[in-house]
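The values are calculated or read from the model by the stated rules, or taken from the named source; none is laboratory data. In this text, all values refer to a predicted model and were calculated from it rather than measured experimentally. Note that each Cβ is placed from the backbone with ideal geometry, even for glycine, and that neighbours are counted across all protein chains shown. Please note that ligands, DNA and RNA were not included when accessible areas were found on the heavy atoms of the full protein model with its side chains. Shrake-Rupley method; radii C 1.70, N 1.55, O 1.52, S 1.80 Å.
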Amino acid sequence: MQAQALLHLLQLASPSLPIGAYSYSQGLEAALENGSVHDAASARVWISAALHQVVARFEAPIFWRLMQAFEARDAQAVADWNARFIAARDTAEFRAETIQMGYSLGKLVGELGIGDAALLAILQAQPELPLPTALAYAATALEVPAAEALLGMLFSWAENQVLVCVKSVPLGQVAGQRLLLSLQAELAQAALLAQTLADDELSNWSPGLSLLSMQHEVQYSRLYRS
C-alpha cells in the first residue's frame, strides 16, 4: 500500500472526519438505558454481536460491492446497491443517520474536489446518499485499495461504538483502548467474511436491535441521535 493511499485511508477512518458520526450510537444508547450494556464485558459482547450479526453480514458487504461498482464505473450497480441499503434501514433513526452522514461526506468530497467528473456524476445521480455509498466513492476516488478501505470502515465503526461506551457506561480511557485492541482479530474476520458472502447471503436481520432503535426514538434522556 503506497504512502499516499495510506494517508487517505487514515483520513477517511479518522473520528475527526466532519460527518457527525460522534452523534450516533446505532442503538447502543438504548441498550445502555435498559441495562443490557453496563460494563466493559457487556460492552464487548454488544459490539462483537453487532459486528458479526449485522455489520459484517450486510453493511460491510454492500460497502465492498459499492467500491467494486465505482471502480468499474458501473452506474447501475451503484444505484442498485445504494437503493438496497437505504431500503434496509428499518427504523427512522437508522435511516436518518446514514442519510445525514452520507450527505455530509458527499458534500465534503465535492468541496475538496475529490474524484473525476465521470465518477462524480455517478455519485450525484443518487436520489439519496447513504454513508456506505459516499464512503465507497471517496475510497475509490482517492485510490485506497478496497481491502484496506473495508478494514478502515470497520475500524471506524468499532471505534465509534467504543467511544460511546467510554462516555456513557462509563469506561475509562484505558479500558476503552483495551476493548478496541481486543476487537482487532474480529474486525479482520469480519472483513474477510464481507468479501466472500454471496448476494443472497446478505442479511441485517436483527429484530432486537430494531426494537431498541424504535425505543430510542422516544427515550426520555438521550445524548445520541440513534
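Brief remarks on what is shown
- You will find that of Ala185, Ala194, Ala136, the residue that is modelled with pLDDT of 95 or more, under 20 Å from Ile47 (Cβ atoms) and within 16 Å of the chain's Cα centre (by Cα) is Ala194 and no other.
- Inter-residue pairs, beta-carbon under 8 Å, first among the polar types (S, T, N, Q) and in the stretch 62-83, second open to solvent by less than 50 Å² (accessible area, probe 1.4 Å) and modelled with pLDDT of 95 or more, 6+ apart: Gln68/Ala77; Gln68/Ala146; Asn82/Leu66; Asn82/Gln126; Asn82/Leu129; Asn82/Pro130; Asn82/Thr133
- Check on Leu119, buried (at least 23 other Cβ atoms within 10 Å of the Cβ), over 17 Å from the mean Cα position of the chain (by Cα) and modelled with pLDDT of 95 or more: no
- Test: residue in the stretch 137-144 that is touching a residue at least 40 places away in the same chain (Cβ under 8 Å), hydrophobic (A, V, I, L, M, F, W, C) and open to solvent by 50 Å² or more (accessible area, probe 1.4 Å): no
- Residue that is nearest to the chain's Cα centre (by Cα), among those in the stretch 11-41 that are of a type in the set (Ser, Thr, Tyr) and open to solvent by 60 Å² or more (accessible area, probe 1.4 Å): Tyr22
- Meeting the requirement of 2 or more residues that are acidic (Asp, Glu), the helices (runs of 4 or more DSSP H) wholly within the stretch 1-97 are 28-33.
- Among the candidates Arg89, Arg57, the residue that is modelled with pLDDT of 95 or more, within 14 Å of Ser226 (Cβ to Cβ) and open to solvent by 10 Å² or more (accessible area, probe 1.4 Å) is uniquely Arg89.
- Per-region count, the stretch 168-204, residues among the hydrophobic types (A, V, I, L, M, F, W, C) and touching a residue at least 60 places away in the same chain (Cβ under 8 Å): 12
Conditions (1) touching a strand residue (DSSP E or B) at 6+ places or on another chain (Cβ under 6 Å); (2) exposed (fewer than 12 other Cβ atoms within 10 Å of the Cβ); (3) modelled with pLDDT under 95; (4) under 22 Å from Arg89 (Cβ atoms), marked per residue:
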residue	(1), (2), (3), (4)
Ala158	no, no, no, yes
Val174	no, yes, no, no
Asp199	no, yes, no, yes
Ser226	no, no, yes, yes
